[in-house]
Amino acid sequence: MKNIVIFGAPGSGKGTQSERIVAKYGYEHISTGDVLREQIKEGTGLGKTAKYYIDNGQLIPDTLMVDILARTYDGFGKVDGVIFDGFPRTIPQAEALKAMLADRGTDVAVMLDLEVPEDELMARLINRGKTSGRADDNEETIKKRLDVYHSQTSPLIEWYKADGKYHHINGLGDMEKIFSDICVVIDNAKSI
């Protein structure tokens, strides 16, 4: 079993690369945004609680988010690997994920950090906003999202480095080269 945390700023290509990992390795993919929407749509107890926080403009507490991720993770049954996309974002979340996985006799195998220069992220996100119509892909909102990302990432990167799981991936350039670099890391990671 290989649990992979895919990490990077908005626009770094996490979703695109996650899809490619799933296609090549057959791993399951947990996108926190998708999971929340699914739990809310299904009207589960966890979904109702999450909806309450969202409707009141509050962040979902880490413990609730981990409970939702655990339910999704357990629903996969026996699989070769799972990609965590969008979680963790803070050290307490990383610690909670580690504890949740430890309860299941496993751990994160690797943390892939897709690094892309800020000017390129801005260009990608503005372009995505034009093509997808996403309201949050405008310059002002993007700057705020990148500021939040940068203020939360440094400690988490250092945390995964200290845990021996961190792998830098140059997220700029040819998509095939980026994916090839990711595959080298995954292929060399030990199953846990």
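Around the amide H of Y166, modelled in the peptide plane, lie the amide H atoms of M111, K161, all under 5 Å away and 5 or more residues distant in sequence or on another chain.
Surface composition of the chain: carbon plus sulfur atoms hold 51% of the accessible area, using a 1.4 angstrom probe and ignoring ligands, DNA and RNA. Exceedance of the 19 Å cut-off in Cα-Cα distance is limited, within the set K24/K177; K14/K78; K48/K78; K144/K177; K14/K190, to K14/K78; K48/K78; K144/K177; K14/K190. Does region 1-125 come out rounded, prolate or oblate, given a ≥ b ≥ c as the square roots of the eigenvalues of its C-alpha gyration tensor, rounded meaning a/c under 1.5 and, failing that, prolate meaning a/b above b/c? Taking the square roots of the gyration eigenvalues as a ≥ b ≥ c, region 1-125 is oblate. Accessible surface for region 108-192, divided over its residues, is 57 Å² per residue with a 1.4 Å probe.
Alpha-carbon geometry of region 109-190: the Rg and the Dmax are 14.8, 41 Å, given in that order.
Free of any trypsin sites (Lys or Arg not before Pro) that DSSP assigns to a loop and that have at most 14 other C-beta atoms within 10 Å, the longest stretch within the chain is 1-77.
Would you mind counting up the charge near W159? Only other residues with Cβ under 13 Å from its Cβ, with Lys and Arg at +1 and Asp and Glu at -1. So the environment of W159 carries a net charge of 0. Shown in residue order for region 106-112 are the 3J(HN,Hα) couplings computed by the Karplus curve 6.51 cos²θ - 1.76 cosθ + 1.60 at θ = phi - 60°: 9, 7, 6, 7, 8, 10, 9 Hz (x for Gly and Pro).
Taking all protein chains as they are arranged and a probe of 1.4 Å, the heavy atoms of F87 leave approximately 10 Å² accessible to solvent. Using the Kirkwood radius built from alpha carbon pairs, what does the Stokes-Einstein equation give as D for region 48-192 at 10 °C and 1.306 mPa s, in µm² per second? Estimated via Stokes-Einstein, D reaches 91 µm²/s. Probing with 1.4 Å while keeping every protein chain in the model, the per residue accessible area of region 1-87 equals 48 Å². Selection among V22, G47, H150 by position relative to the dipole of the chain gives G47 as farthest towards the positive end (Cβ unit charges, Cα centre). Taking a ≥ b ≥ c as the square roots of the eigenvalues of the Cα gyration tensor, an a/c ratio of 1.5 or more together with a/b larger than b/c marks region 30-89 as prolate. Charge dipole (Cα centre; +1 on Lys/Arg Cβ, -1 on Asp/Glu Cβ; no other charges) of the chain amounts to roughly 340 debye. Listed by number, the DSSP H helices of the chain that run 24 Å or longer by alpha-carbon position along their axis and have mean Kyte hydropathy of at least 0.0 come to an empty list.
The values are calculated or read from the model by the stated rules, or taken from the named source; none is laboratory data. Everything numeric in this text was worked out from a predicted model, so none of it was measured. Note that we place each Cβ from the backbone using ideal geometry, even for glycine, and neighbour counts take in every protein chain shown. In case anyone asks, the SASA skips ligands and DNA or RNA and just uses the protein heavy atoms, side chains included. Shrake-Rupley method; radii C 1.70, N 1.55, O 1.52, S 1.80 Å.
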